[in-house]
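Since every read-out is calculated from the coordinates, none of them should be taken as a lab result. Treat the numbers as computed from the prediction; the structure is a model and nothing was measured. Cβ placement follows ideal geometry from the backbone for every residue including glycine, while neighbour counts extend to all protein chains displayed.
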Amino acid sequence: MRPAIFIGALLATFFGPGAHGAAAQAPPSSLAPPPAASHEAQTIDGVAARIEDDIITESEVRELGAFQELVDGRSKSRVERIEELADQWIVRGEANAVKYPRPSGDDVDRAYVQFVKQFPSPGDFKARCTAEGLDEAAVRRILEQQVFLSRFLDYRFRPGAQVDEDKIKRYYEGEFVSQLQARSQPVVPLEDVADTIREVLIQGAINDRAKAWLDEARNRLKIDIVAE
């Protein structure tokens, strides 16, 4: 099984990387004139997009692509990655506004250990990180961001995403049982899986509410993507 990036199809892409968490929090680096005797090449981190009075840098877009390559074996288009980073910018702004707490060091350690376990071996994980240009610090930073944003979305939308017993029963009798039968697996009693199904349905409702909120918030923002 391939390692999964964070919370469902929508939120999975959220907790991607960024030099400052996902969307930039500082202006692009300025380049001081090099000494006259120096001919070494210097790299300027370009602006990939402007969002309100902030920016998303090209390095953030590249790092998100590298993380997607690490997880899925391919990265999304530049425009799609910029849009994902803009969504992260929105969520992070809301979380910071209410002073939602950042994950602890232990939280990040646990997330990192679990992430590495999704690869065939620690050696394979390190080799793939090296191939994508990601070091351990970058992966930890990305995972810290994922944990922070996913917890905030859960905190914000879980209270309104509860499901009743009828929904659990309908899901069990429909999708759940049919999936087991398609795999030729025994059908377990509803009471044995009710809590698991409840959480699946709650997570689906959280994702739906988060997507609707993001769509509305995005429409209010001025986002200008800079051509490469």
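Numbers below:
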{"item": "Residues residue 225 and residue 199, FRET efficiency given R0 of 25 Å [Cβ-Cβ distance, rounded to 0.05]", "result": "0.10"}
{"item": "Full-stretch length increase - residue 182, residue 162 - with 0.36 nm per residue and alpha-carbon distance subtracted", "result": "4.3 nm"}
{"item": "Rg/Rg_globular for segment 41-97, with Rg_globular taken as 2.2 N^0.38 Å and Rg from C-alpha atoms", "result": "1.22"}
{"item": "Eligible aspartates and glutamates near residue 126 by straight Cα distance, threshold 14 Å, same-chain separation 8 or greater", "result": "69, 135, 136"}
{"item": "Long-range HN-HN contacts of residue 226 with modeled amide H, under 5 Å", "result": "49, 50"}
{"item": "Principal semi-axes in Å for segment 135-228 [√(5λ), Cα gyration tensor, largest first]", "result": "35, 19, 14"}
{"item": "Amide H partners (placed H, <5 Å) of residue 46, local residues excluded", "result": "58, 59"}
{"item": "Intensity falloff of segment 35-145 expressed as log10 I(q)/I(0), Debye formula with alpha-carbon point scatterers, at q = 0.21, 0.22, 0.23 Å⁻¹", "result": "-1.24, -1.28, -1.32"}
{"item": "Simple label model, 7 Å out from Cα along Cβ direction - residue 137 to residue 80, nm", "result": "3.1 nm"}
{"item": "Förster-model FRET efficiency, 45 Å R0, residue 109 and residue 173, C-beta, rounded to 0.05", "result": "0.65"}
